[in-house]
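Below is one structure, written out as C-alpha cells; comments come after it.
The values are calculated or read from the model by the stated rules, or taken from the named source; none is laboratory data. Small disclaimer: the values here were computed from a predicted structure and weren't measured. Backbone-built Cβ (ideal geometry, glycine too); neighbour counts: all protein chains shown.
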C-alpha cells in the first residue's frame, strides 16, 4: 500500500508526492527550558561548592529532569564518598542544609515546588570499574 499519492510531475514522470511536513509551532520542551537549564546548572554548582566546604564526605551533585513533566520530575541527587558519610549527613542538620541549598537554587531560577523532599535524593559514589582486560 502506497502512503503517498502518485502524481505526474512537469516532466510527465509519475512519482510519489510527499506532503511537506510543517515544523511545529510549539518549541520542544528541551528548547523551551534551555535557559532555565543553564541557570539551574549555575545555581546548583554554587550549592555544590558551598556544600563541599561544609558537609563532611559530600563529593558532588547532579540533577535529572524530564522537561515534558517539569518541574515535577526535577530531582537533585547529592552524592557522598561512602555510605557512612551519607548516613551521618542524613542523621544531622546537614540534610536540612542540603535541602535548603537546593531550594535556594530553585528559587533563584524561579522554579517553584511544593515539597522539596520530593526533589532531593542522596546517594553514594560508586568506585570506577577497571579497564577491560585487567581482570577486575
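Key figures
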item: Residue check for residue 61: touching a strand residue (DSSP E or B) at 6+ places or on another chain (Cβ under 9 Å) and buried (at least 18 other Cβ atoms within 10 Å of the Cβ); result: yes
item: Hey, residue 50 at pLDDT 95 or above and within 19 Å of the chain's Cα centre (by Cα) or not; result: no
item: The range 46-90, residues that are part of a helix (DSSP H, G or I), in contact with a helix residue (DSSP H, G or I) (Cβ under 8 Å, 6 or more places away or on another chain), more than 25 Å from residue 36 (Cα to Cα) and without any contact (Cβ under 8 Å) to a residue 40 or more places away in the chain; result: 88, 89
item: Selection within the range 91-112 - surrounded by 15 or more Cβ atoms within 10 Å (Cβ to Cβ) and part of a loop (DSSP other than H, G, I, E, B); result: 111
